[in-house]
Amino acid sequence: MDATEPTWVKVLVVGPFGVGKTTFISSISEIEPLTTEETITSLSARTDDLSATPEKSTTTVALDFGRLTLYDDLVLYMFGTPGQERFKELWEDLTRGALGALVLVDPRPERLKQSFAVLDLVEQFGLAYVIGVNHFDEQRTYPLDEVREALSVSPETPVVGCDVRDRASSGKALITLVNHLLSLD
């Protein structure tokens, strides 16, 4: 019996407000995820743009946490960040020790532009990243090359489609991130 300890890897799941970070971690975590969802109040509704997500009634106020064992010797600790600019300081703390990030984006043009601030932060903190293009029901599907071009990310940055509600689809996005991180060594 091999008694080697697994390698624990910290990754972030980031993106703008309402893009599906909490849902992603909830769909893929092998443990009951830790979430810090709170009801959106009238005060936060004045700050957070709910026009693209009118059914959204909660928001992450600190972080989400989940765990996934990919292989016997590789365990991912996933930390989901809040999407609002006012939580930027928390991002700095969460990036410590993180090897990379899955940047979730909503491909609708009015929502995609919100991803630029997130990408700026990921690059500012020096994290390798993969773009996960979340699928939303009854929304137009955009070709991944068009999303890459609209975000102006390099050809070396993987862009993968995903449905954050689906465990297999979320797993594919995480494996893409891990493979990307391994390719950088």
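Of all trypsin sites (Lys or Arg not before Pro) in the stretch 79-150, which ones are in loop regions per DSSP and have a Cβ with at most 15 other Cβ atoms within 10 Å? If you can, show how the numbers build up before the last one.
On the way: sites: Arg86, Lys88, Arg96, Arg111, Lys113, Arg140, Arg148; in loops: Arg96, Lys113, Arg140.
Counting only loop positions with at most 15 other Cβ atoms within 10 Å, the trypsin sites (Lys or Arg not before Pro) in the stretch 79-150 are Arg96, Lys113, Arg140.
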Log10 I(q)/I(0) at q = 0.16, 0.20 Å⁻¹ for the stretch 105-185, from Debye over equal alpha-carbon scatterers, is -0.61, -0.96
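Figure the gain on full extension for Glu123 and Leu184 (residue separation times 0.36 nm, minus the Cα-Cα span) and round it to one decimal in nm.
Working: separation 61, 0.36 × 61 = 21.96 nm, distance 1.53 nm.
Difference between extended and current length: 20.4 nm.
Decide, for the stretch 131-173, between rounded, prolate and oblate: order the square roots of the alpha carbon gyration tensor eigenvalues as a ≥ b ≥ c, take rounded if a/c falls under 1.5, and otherwise choose prolate if a/b is larger than b/c, else oblate.
Here the stretch 131-173 falls in the oblate category.
So how do 129-135, 159-165 stack up, highest first, on mean other-Cβ count within 10 Å?
Working: 129-135: 24.6, 159-165: 20.4.
For the peptides 129-135, 159-165, the packing ranking is 129-135, 159-165.
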Gained length - Ser152 relative to Thr69, 0.36 nm times residue gap less alpha-carbon distance | 26.6 nm
Two pseudo-spin positions, 7 Å from Cα along C-beta at Leu90 and at Arg140, lie apart in nanometres by 3.3 nm
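Find, among the GluC sites (Glu not before Pro) in the stretch 65-169, those assigned to loop by DSSP (not H, G, I, E, B) with at most 16 other beta-carbon atoms within 10 angstrom. Each step should come with its number before you reach the end.
Numbers: sites: Glu85, Glu89, Glu92, Glu110, Glu123, Glu138, Glu146, Glu149, Glu156; in loops: Glu138, Glu156.
Passing both the DSSP loop test and the Cβ count: Glu138, Glu156.
A short reminder: the numbers here are calculations on the coordinates, not readings from a lab. Everything quoted here is computed from the prediction, not taken from an experiment. With ideal geometry, Cβ positions are generated from the backbone for all residues, glycine too; neighbour counts draw on all protein chains shown.
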